[in-house]
């Protein structure tokens with residue numbers, strides 16, 4: 001009697017092993033991007049999850065009361081940025097700035113009084129987070145001078161408070177070369 005060898009038992013074992021390895025790698029990779037470190041709402045993710053509806057109501061009230069133009073003017077060493085914008089994935093267009101130069105960002109608004117919390121961060125890590133200073137004068141909300149020392153994507157997270165029931169959250173992205 002002649003026995004015919006089959007690859008199926010080995011293939012099934014290899015498939016199970018590959019699936020287990022893929023699960024382990026996914027868990028290992030996701031540890032670098034923990035959800036609890038997302039700073040968009042300047043609060044712990046548990047508080048955001050529990051009060052998300054209130055946050056959205058405050059955002060809608062802010063947008064109703066205050067006109068805040070998210071298209072900013074970028075000044076590099078006191079001159080308007082002349083670099084062409086860059087298109088990222090999903091056709092997102094972001095301004096390009098040069099490394100190691102003083103940047104100032106100016107937004108148009110009709111607000112007369114805003115309390116602001118600003119955070120400069122990278123989307124993939126919280127290692128380089130910096131708090132920024134701002135001022136509001138004559139309808140211009142300006143983020144005071146700061147410097148980008150690493151190439152790549154940067155984000156400015158903004159929490160703008162007009163009153164207790166009127167709070168706006170915005171994100172402005174930059175690409176440094």
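Remarks
- Residues that are outside any helix (DSSP H, G or I) and either loosely packed, with under 14 Cβ neighbours inside 10 Å or out of contact with any strand residue (DSSP E or B) (no Cβ under 9 Å at 6 or more places or on another chain) (or both), drawn from segment 55-85: 67, 69, 70, 71, 77, 78, 79, 80, 82, 83, 84, 85
- Residue, nearest to residue 62 (Cα to Cα), within segment 123-149, restricted to residues that are surrounded by 15 or more Cβ atoms within 10 Å (Cβ to Cβ) and in contact with a strand residue (DSSP E or B) (Cβ under 7 Å, 6 or more places away or on another chain): 141
- There is at least one residue in segment 44-53 that is part of a helix (DSSP H, G or I), under 17 Å from the mean Cα position of the chain (by Cα) and closer than 16 Å to residue 168 by Cβ.
- Looking only at residues in segment 150-177 that are free of Cβ contacts under 8 Å to residues at least 40 places away in the same chain and in contact with a strand residue (DSSP E or B) (Cβ under 9 Å, 6 or more places away or on another chain), the one that is nearest to residue 66 (Cα to Cα) is 155.
- Scanning segment 26-41 for residues that are in a loop (DSSP other than H, G, I, E, B) and modelled with pLDDT of 85 or more gives a single hit, 41.
The values are calculated or read from the model by the stated rules, or taken from the named source; none is laboratory data. Treat the numbers as computed from the prediction; the structure is a model and nothing was measured. Heads up, the Cβs are rebuilt from the backbone with ideal geometry, glycines too, and the neighbour counts pull from every protein chain shown.
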